[in-house]
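K.L.:
Dropping the structure in here first, questions after.
Just so it is clear, none of the values below were taken in a lab; they were calculated from the coordinates. If you're wondering where the values come from, they're calculated on a predicted model, not measured in any experiment. As a convention, Cβ positions derive from the backbone with ideal geometry for all residues, glycine included, and neighbour counts pool all protein chains shown.
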Amino acid sequence: MGIRSGRLRFDEQVCGAFDWLNDTDEKKVFAYLRTAGLNAALPLQDILSNLEVLNVENGKAVMSNAGVLLFAKNPGHFLKSAPVVCAVYQNDDKAVILDRKIYDDGLLGNIEGALTYLKRHIDVRFEIQSLERNEIPGYPEAAVREAVVNAVMHRDYFDVSGDIMVEVFRNRIVVSNPGGLVSWLRPEDFGKYSRTRNRLIASMLMRTPYAEKMGTGILRIGQALKDAGLPEAEFSYDEFSFSVSLFASRPAAFSSRKGSQKTSQKGSQKTSQKILEAMGNNPEITIAELSERCGVSTRSIQNNINKLKKLKRLRREGPDKGGCWKVLDVENVQ
């Protein structure tokens with residue numbers, strides 16, 4: 001009852017197993033202070049006390065769960081609900097996983113890690129205008145950022161049955177978290193008002209650029225998608241979970257200019273050549289490693305591999321795990 005009414009909040013509870021002197025990562029503390037534009041000249045204990053994450057109980061300094069989530073060397077060691085899981089799938093379902101990564105680097109580190117992961121795995125199109133080439137991401141950065149920050153800020157950290165998930169499908173991105181709407185926010189008021197589950201975490205994040213305009217995230221997602229000419233986001237929530245789906249751009253939106261089409265074709269040829277050369281040097285190289293090496297998304301790597309297979313310039317020998325690539329023709333890449 002205390003949890004459901006908001007009188008008992010996870011982030012304000014003390015983490016008894018946490019030894020703040022030995023388990024606090026000072027680099028994370030000072031990185032947070034720089035991000036928030038706060039004074040870093042005080043002793044560490046005073047800084048943590050001023051941030052209201054370190055309190056004194058029975059003469060002993062103890063760290064709150066919010067402090068652990070933000071500043072622990074290994075948050076997941078103390079709080080099982082700390083990590084963020086990112087994944088990329090080959091199609092519109094979860095049948096084939098191309099890549100998966102778990103971030104457990106504190107709240108800010110998890111946000112930054114998830115956003116970097118998405119940038120690496122979201123396709124970027126190019127539009128040529130005069131002598132300039134504009135990069136157009138498949139999803140607007142503002143919408144993606146708001147979705148990730150919302151999940152980290154409003155997750156139900158009491159619930160260890162699931163993780164914050166950042167998932168990239170062929171046709172959409174889905175960001176989800178355990179914990180639906182708080183009981184003190186009516187469904188009809190969703191998107192109009194901000195009612196946080198984690199008051200201390202929200203307070204900490206509001207001091208950073210990630211959540212400086214708290215309460216406007218849903219509106220900003222909608223506006224960013226509208227400005228980009230994309231479909232509206234789909235929000236799904238119940239008592240136990242929340243998710244937001246951002247849908248991919250329509251192909252026609254990126255193919256209206258001949259210059260864009262030519263650039264895409266040339267880029268694809270160059271990527272295919274890099275893939276074949278990399279596979280020739282390392283037949284066991286993974287999709288994720290190819291993505292890093294070629295500087296394109298895993299989706300782009302998979303598309304190029306499929307084309308090379310159809311052209312009979314490449315084949316896969318053995319299973320997905322434990323098999324290897326067989327390059328048939330490196331020189332004549334179409």
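K.L.:
Tell me the net charge near Ser64. Cut-off is 12 Å between Cβ atoms, Ser64 excluded, with +1 for each Lys or Arg and -1 for each Asp or Glu.
P.N.:
Around Ser64, the charge tally is -2.
K.L.:
Here's a follow-up. Going through the cross-link list Lys274/Lys307; Lys119/Lys312; Lys73/Lys101; Lys94/Lys321, which pairs have a Cα-Cα distance over 22 Å in this structure?
P.N.:
In this structure, Lys119/Lys312 lie more than 22 Å apart at Cα.
K.L.:
Also, quick follow-up: In the range 68-126, what trypsin sites (Lys or Arg not before Pro) fall in a loop by DSSP, with at most 16 other Cβ atoms inside 10 Å?
P.N.:
Lys73, Lys80, Lys94
K.L.:
While we're here: Hey, can you grab everything whose amide H is under 5 Å from the amide H of Asp123? Only 5+ residues off in sequence or another chain; H modelled, so Pro and N-termini drop out.
P.N.:
Answer set, sorted by chain and number: Gly138.
K.L.:
Moving on. Could you work out the local net charge near Tyr117, counting Lys and Arg as +1, Asp and Glu as -1, over the other residues with Cβ closer than 9 Å to its Cβ?
P.N.:
+2
K.L.:
Whole-Hz Karplus ³J(HN,Hα) for the range 270-275, in order, using 6.51 cos²θ - 1.76 cosθ + 1.60 and θ = phi - 60°, x for Gly and Pro?
P.N.:
Per-residue couplings from phi come out as 5, 5, 4, 4, 4, 4 Hz.
K.L.:
Quick one: which residues, 5+ away or cross-chain, put their amide H under 5 Å from the amide H of Tyr157? H built at 1.01 Å from N.
P.N.:
Here the answer is none, since no amide H 5 or more places off falls under 5 Å of that of Tyr157.
K.L.:
Let me ask something else. Give me, ordered by chain and number, the residues 5 or more places off Leu98 or on other chains with an amide H under 5 Å from its own placed amide H.
P.N.:
When sequence neighbours closer than 5 places are left aside, the close amide H contacts are Val88, Tyr89, Gln90.
K.L.:
Would you mind ranking Leu42, Leu79 by Cβ crowding within 10 Å, fewest neighbours first?
P.N.:
On the way: Leu42 13, Leu79 20.
Fewest-to-most Cβ neighbours within 10 Å comes out as Leu42, Leu79.
K.L.:
Hey, fewest Cβ within 10 Å first, where do Asp156, Asp25, Asp19, Asp238 land in order?
P.N.:
Final ranking by Cβ density, sparse to dense: Asp238, Asp19, Asp25, Asp156.
K.L.:
Per-residue HN-Hα couplings for the range 306-322, Karplus 6.51 cos²θ - 1.76 cosθ + 1.60 at θ = phi - 60°, whole Hz, x for Gly and Pro?
P.N.:
4, 5, 5, 5, 5, 7, 6, 9, 7, 8, 9, 10, x, x, 4, 9, x
K.L.:
If I model a spin label as a point 7 Å beyond the Cα along the Cα-Cβ vector, how far apart are those points for Arg172 and Met206 in nm?
P.N.:
For the pair Arg172/Met206, the computed spacing is 3.2 nm.
K.L.:
Calculate one ³J(HN,Hα) per residue across the range 24-35 by plugging θ = phi - 60° into the Karplus curve 6.51 cos²θ - 1.76 cosθ + 1.60, and present them in order as whole Hz with x for glycine and proline.
P.N.:
7, 8, 4, 4, 5, 4, 6, 5, 5, 4, 5, 4
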